[in-house]
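Working notes, beginning with the structure itself.
The values are calculated or read from the model by the stated rules, or taken from the named source; none is laboratory data. Note that the coordinates shown come from a computational prediction; the quantities given were computed from them, not determined experimentally. In this analysis, Cβ positions are derived from the backbone assuming ideal geometry, glycine residues included, and neighbour counts consider all displayed protein chains. Accessible surface areas use protein heavy atoms only, side chains included; no ligands, DNA or RNA. Shrake-Rupley method; radii C 1.70, N 1.55, O 1.52, S 1.80 Å.
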Amino acid sequence: MSESNDVDLDVYGWVLEHRTADVDALAAGTGLDADVIRRSVARLCAAHLLHVSPDEPSVAFAVAPDTAAEQLVAPLEAQIREQERTISGIREDLGRFLPHYLRRRSAGDALEVLANLEEVRGAIRRASLACATEMLSSQPGGGSRIPEAMQEALGRDEAMLKRGIAIRTLYHHTARFNGPSQAYVAAASALGAQYRTAHELFGRLIAFDREIAFIPLNDGSYGAVVIREPSTVAYLCDIFEQTWDLASPFSAAVGQGLEEVAREIHETIIRLLAAGLKDEAIARRLGMSLRTARRHIADIMQELGAGSRFQAGVAAAARGLLEPNPVAPVAVPMSRADEVPPADDVPSSAGAAVAATALPVAGALPVTGVPAAG
């Protein structure tokens, strides 16, 4: 219908009323040229809008537009159905190979699930021996460091550092107030390792050469997931780098930085309280025991003169303590900052002997990312 829609509408309407396609009659009735009428009738017939009698060309009748449309699209729909059957067959035929591919991918280099402590320790040991350039680790938790396990890990780290491997580790700020942790960091730092602390960490991670990463299972067990897929490992290392850039060097805890870090912990607890987090969540986020967290919270409530968390939030907001850079921070009770975390900071589940040598969600990765032997 490229010549003129108006012409075709006129011809269609006239044939609908008079039931004839006689050219002379159409010309007389519509005032159109005979050749224009012939072309219009041909177009309307091709569109199935007109039906001309094969025995008598002058006899014709108009067809309903929806009927004409069904006649035109029926062959196309049949082709579509045939193509859909072909597509379904291709997917079904090739789908038979998917289970084999998934099994190979799961058991291969991209992802591996280690279900128990011995498998985790063995895999980390092999990765540390094969490490050639650097090891990155994020170790949430504060004072849960066992001297014996730390001594073994120090020997392992020393061997890596002597091979020229760079070691960087992130701890929670609360690790600064633990005597064994301070001694460990001092010894390892003297060998060339680097340590920083932050208010909060993204989770537990050990990465070797930016090629292989270990993260804990989320079921509370001592298992781990080994990741070798390059994009995922790079993503995890980027998160580590972002946190590292914002963290504070551990060495500052020995001198004038100790009071500042303690104040930062205090202010972070205030913000988490105002956000509505429970005591257990605050303790977990800051890497301290529940008892220690509750002592900090009690100190804050007393300092703010608040009888409830709601009142504490109002008082903190009034003093500007919920701003990114509060102007008048609450004084930090240094009796809390100077003390070594109490015994309940050492996890009791599965025994303290494995707390620093495993990858549990509720425990700790190895202190430096390399598990102690035994």
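Observations
- Residues in the range 30-66 that are in contact with a His (Cβ under 7 Å, 6 or more places away or on another chain) and open to solvent by 30 Å² or more (accessible area, probe 1.4 Å): Phe61 only.
- Filter result for Ala283 (part of a loop (DSSP other than H, G, I, E, B) and either open to solvent by 60 Å² or more (accessible area, probe 1.4 Å) or modelled with pLDDT under 85 (or both)): no
- Some residue of the range 249-256 being β-branched (Val, Ile, Thr), modelled with pLDDT under 95, open to solvent by less than 60 Å² (accessible area, probe 1.4 Å) and within 30 Å of Gly179 (Cβ to Cβ): no
- Selection of the range 19-29 for residues being out of contact with any helix residue (DSSP H, G or I) (no Cβ under 8 Å at 6 or more places or on another chain) and in a loop (DSSP other than H, G, I, E, B) yields Arg19, Asp22.
- Residue within the range 170-186 that is in contact with a strand residue (DSSP E or B) (Cβ under 6 Å, 6 or more places away or on another chain), at pLDDT 90 or above and open to solvent by 20 Å² or more (accessible area, probe 1.4 Å) present: no
- Selected residue (criterion: most open to solvent (accessible area, probe 1.4 Å)) from residues of the range 215-244 that are among the charged types (D, E, K, R) and modelled with pLDDT under 95: Asp219
- For the range 63-85, residues that are of a type in the set (Ser, Thr, Tyr) and over 18 Å from Val52 (Cα atoms) total 0.
- Residue pairs meeting the criteria (Cβ under 6 Å; at least 6 apart or on separate chains; first under 19 Å from Ala159 (Cβ atoms), in the range 125-148; second at pLDDT below 90 and surrounded by 16 or more Cβ atoms within 10 Å (Cβ to Cβ)): Ser128/Val370; Met135/Gly369; Ser137/Gly369
- Cross-chain or 6+ apart pairs with Cβ under 6 Å, the range 269-282 first and among the β-branched types (Val, Ile, Thr), then in a helix (DSSP H, G or I) and open to solvent by 20 Å² or more (accessible area, probe 1.4 Å): Ile269/His296
- If you check Leu72, Leu16 for being open to solvent by 70 Å² or more (accessible area, probe 1.4 Å), out of contact with any Phe, Trp or Tyr (no Cβ under 9 Å at 6 or more places or on another chain) and either modelled with pLDDT under 90 or in a helix (DSSP H, G or I) (or both), only one passes: Leu72.
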